[in-house]
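Remarks on the structure that follows.
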Amino acid sequence: MKNKIRRTNFFVLISMVIFLTISPFSEVHSEKIQKIFIKVDLWTKELYVIEGEKVIKRYKISPGTEDSPTPIGTFMITKKSRSWGGGFGTRWLGLNVPWGEYGIHGTNKPWLIGNNVSSGCIRMRNEDVEELFEIVSKGTVVHIVGPITGIGNGDLKNLSLGSKGNMVQIVQERLKLMGFYHGKVNGIFDKTTERAVHLFQRVHHLPETGVVTKREYILLGILE
């Protein structure tokens, strides 16, 4: 039977990821916080534009695949472009995801909207993203909610030097809470993260591979 994230830990992990990705906004003054924000629901594959507590727009989207999941957490629109072209459609709204370049954009394959087909970005119909482009501005907050492990159908993947994403972020946070990791919790498995894993493995009398596998997930309390 496939290992699953502990049900009791699931919402803790979601909250952790959201908390970790809020940190880039700590310097934004309260008077600059906008009333309009975006919520992306990866379970329903919908994007909502919310003003105050009211949903003013709703669009169908295409998020990432199992192998290239859309990041979850709280981010910010930092780039706006009208001319990305190609498979990115007619508009691009870039997000400040720390471990890669992700954004909300159009598509030249509108018939795939509603399916998990992207490389991690959020695809929309061109006419929809053009409308969204006019509503939001740089600095708009984007909350993305959904399963941590992509579309949630597979086991947690092994993590090693060069890995990126939400699971790396969660492992970094667990290692930090245990006193093994002192770097940035940014979802990037770098040399500092690798050294922390080595130390964690040494303390637990495991082979010092620097790779996070099933046994490390269990000892970190992520798998049962």
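Key figures for this structure:
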quantity: Residues located in the range 67-95, provided they are among the hydrophobic types (A, V, I, L, M, F, W, C) and outside any loop (DSSP other than H, G, I, E, B); calculated: PHE75, MET76, ILE77, PHE88, TRP92, LEU93, LEU95
quantity: The range 53-75: number of residues that are in contact with a Phe, Trp or Tyr (Cβ under 8 Å, 6 or more places away or on another chain) and without any contact (Cβ under 8 Å) to a residue 24 or more places away in the chain; calculated: 2
quantity: Pick from the range 69-85, criterion small (Gly, Ala, Ser) and either open to solvent by less than 60 Å² (accessible area, probe 1.4 Å) or touching a helix residue (DSSP H, G or I) at 6+ places or on another chain (Cβ under 9 Å) (or both), ranking: modelled with the lowest pLDDT; calculated: GLY85
quantity: Residue satisfying all of: in the range 98-135; among the aromatic types (Phe, Trp, Tyr) and not in a loop (DSSP other than H, G, I, E, B); surrounded by the fewest Cβ atoms within 10 Å (Cβ to Cβ) among these; calculated: TRP111
quantity: Sole residue being among the hydroxyl-bearing types (Ser, Thr, Tyr) and under 14 Å from HIS143 (Cα atoms), chosen from THR107, THR90, THR65, THR74; calculated: THR74
quantity: In the range 36-46, residue surrounded by the most Cβ atoms within 10 Å (Cβ to Cβ) [restricted to those that are over 15 Å from the mean Cα position of the chain (by Cα) and in a strand (DSSP E or B)]; calculated: PHE37
quantity: The range 54-68, subset open to solvent by 60 Å² or more (accessible area, probe 1.4 Å) and among the charged types (D, E, K, R), residue nearest to GLY120 (Cα to Cα); calculated: ASP67
quantity: Which listed residue, of GLY139, GLY221, GLY179, GLY210, is in a loop (DSSP other than H, G, I, E, B), in contact (Cβ under 8 Å) with a residue 60 or more places away in the chain, more than 24 Å from PHE75 (Cβ to Cβ) and not hydrophobic (A, V, I, L, M, F, W, C); calculated: GLY221
quantity: Any chance PHE10 is open to solvent by less than 60 Å² (accessible area, probe 1.4 Å) and at pLDDT below 95; calculated: yes
quantity: Lone qualifier among LYS157, LYS176, LYS138, LYS184 - being touching a strand residue (DSSP E or B) at 6+ places or on another chain (Cβ under 8 Å) and surrounded by fewer than 20 Cβ atoms within 10 Å (Cβ to Cβ); calculated: LYS138
quantity: Test: LYS184 is of a type in the set (D, E, K, R) and part of a loop (DSSP other than H, G, I, E, B); calculated: yes
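The values are calculated or read from the model by the stated rules, or taken from the named source; none is laboratory data. Predicted model, so just to flag it, every value in this text is computed and none were measured. Cβ sites come from the backbone with ideal geometry, for glycine too, and all protein chains shown count toward neighbours. Only protein heavy atoms, including side chains, enter the accessible area calculation; ligands, DNA and RNA are left aside. Shrake-Rupley method; radii C 1.70, N 1.55, O 1.52, S 1.80 Å.
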